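Engineer: After the structure tokens below, expect a handful of questions from me.
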Amino acid sequence: MERIELSVLHENAAARAFYAQFDFQIEGRRVRDWKHDGVYQDSILMAFAFN
């Protein structure tokens, strides 16, 4: 395995902070990726690369 990739909703600061503790880096953003109760939200793409 060389890398682990994931996405979290951009409003979920707790999840982003949790993954950052394990050296996951933000690599991008998907605009209007999720729709919940008629509201679109962006996803933040994060990844951890093994050395």
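Results for (1) surrounded by fewer than 11 Cβ atoms within 10 Å (Cβ to Cβ); (2) within 13 Å of the chain's Cα centre (by Cα), shown as yes or no for each residue.
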residue: Ala17; (1), (2): yes, yes
residue: Ile26; (1), (2): no, yes
residue: Arg32; (1), (2): yes, no
residue: Lys35; (1), (2): yes, no
residue: Tyr40; (1), (2): yes, no
residue: Ala49; (1), (2): no, no
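Engineer: Sticking with this one: Kindly list, by first and then second residue, each pair from a residue in region 1-27 that is assigned to a loop (DSSP other than H, G, I, E, B) to a residue that is open to solvent by less than 80 Å² (accessible area, probe 1.4 Å) and hydroxyl-bearing (Ser, Thr, Tyr), limited to pairs with Cβ atoms under 8 Å and residues at least 6 apart or on different chains.
Structural biologist: Listed pairs, sorted by first residue: His10/Ser43.
Per-residue answers, yes or no, for (1) among the acidic types (Asp, Glu); (2) touching a strand residue (DSSP E or B) at 6+ places or on another chain (Cβ under 6 Å); (3) at negative phi:
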position: Glu5; (1), (2), (3): yes, yes, yes
position: Ala15; (1), (2), (3): no, yes, yes
position: Phe24; (1), (2), (3): no, yes, yes
position: Gly38; (1), (2), (3): no, no, no
position: Gln41; (1), (2), (3): no, yes, yes
position: Ala49; (1), (2), (3): no, yes, yes
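The values are calculated or read from the model by the stated rules, or taken from the named source; none is laboratory data. Just so it is clear, the model here is predicted, and its values are computed rather than measured. With ideal geometry, Cβ positions are generated from the backbone for all residues, glycine too; neighbour counts draw on all protein chains shown. Areas reflect the complete protein model, heavy atoms only, side chains present, ligands, DNA and RNA absent. Shrake-Rupley method; radii C 1.70, N 1.55, O 1.52, S 1.80 Å.
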